[in-house]
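The values are calculated or read from the model by the stated rules, or taken from the named source; none is laboratory data. Being a predicted model, the structure only gives us computed values, none of them experimental. Cβ placement follows ideal geometry from the backbone for every residue including glycine, while neighbour counts extend to all protein chains displayed. Surface accessibility is based on the protein's heavy atoms, side chains included, excluding ligands, DNA and RNA. Shrake-Rupley method; radii C 1.70, N 1.55, O 1.52, S 1.80 Å.
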Amino acid sequence: MQIEMVHRLSIMDGRIAVIVAAPDRTACVDPALKNVEALYWKALGGFDFSAYAIFLHEVSIRSPGALLYLQNDSVLGPFGEIDRLIASIPWRTGGFLASSAMENHIQSFAFVMHDVTPTLIRTLRPVISPRRSLDHWRDVVCRQETRFARIAARSGTVGSLWFSERPRQVERGLIETLVQRAQGRKITPDVQDPSLVAAANLLETGFPFLKRSLFGRNASFQNQARLTQFLRENDHPVPCAL
């Protein structure tokens with residue numbers, strides 16, 4: 001569990017709730033969770049969208065009209081003046097980083113929703129539903145994350161504080177891909193996720209998150225010394241390789 005993340009969230013404005021995804025409820029006795037206002041346990045399936053569905057449903061019923069900030073544990077942070085950034089988001093559904101890959105979409109590691117109501121939850125059911133979950137990352141990306149902003153736009157404005165158009169500019173077209181496969185040519189993925197390939201530059205602009213995977217399987221995308229220095233300057237422990 002990210003003890004540091006829970007601590008950083010606990011000093012933000014508002015109240016904090018945590019959903020623990022684990023094989024059983026024993027993980028919920030972690031001392032790091034003793035001061036949270038609400039604590040939920042869920043099974044491991046469903047990735048972050050299954051947890052988001054729980055939060056959205058609970059908030060819409062227990063605190064209709066509330067402002068909700070959601071963050072998963074794939075990122076370190078938040079860093080900097082996160083409360084000020086949240087207050088600056090003018091859209092009903094506001095992301096921190098958007099990408100043009102597949103279609104313009106909000107990256108789901110963190111986002112904000114204003115005026116959370118049962119009506120909004122019904123609108124979001126095609127992508128966020130407490131009645132179903134998807135257990136393959138590709139399905140989550142294609143059927144939930146990349147569609148989320150488009151579906152949310154049915155109930156209000158949608159936007160993001162940071163946006164990268166680079167993924168669309170380098171996406172390989174279907175015909176090109178089919179021709180390359182027919183020719184037997186190896187297709188090497190061109191990773192353009194801005195949270196990976198532009199992480200250090202984003203931090204310099206005040207972006208408040210850093211992907212945990214940059215200290216493990218995606219370490220090759222960034223200068224490790226540069227990221228480590230940033231964490232130390234922000235009093236954040238350097239994670240072990242993931």
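So, in the range 1-16, how many residues would count as being touching an Asp or Glu at 6+ places or on another chain (Cβ under 6 Å), open to solvent by 40 Å² or more (accessible area, probe 1.4 Å) and either within 20 Å of residue 86 (Cα to Cα) or in a helix (DSSP H, G or I) (or both)? Number of matching residues: 2. When only residues in the range 197-213 that are farther than 13 Å from residue 224 by Cβ and of a type in the set (S, T, N, Q) count, which is surrounded by the fewest Cβ atoms within 10 Å (Cβ to Cβ)? Among those residues, the one meeting the criterion is 205.
Scanning the range 1-57 for residues that are charged (D, E, K, R) and in contact (Cβ under 8 Å) with a residue 24 or more places away in the chain turns up 4, 8, 13, 30, 48.
Among the numbered criteria (1) at pLDDT below 95; (2) not in a helix (DSSP H, G or I), which one does residue 181 miss? The one condition residue 181 does not meet is (2).
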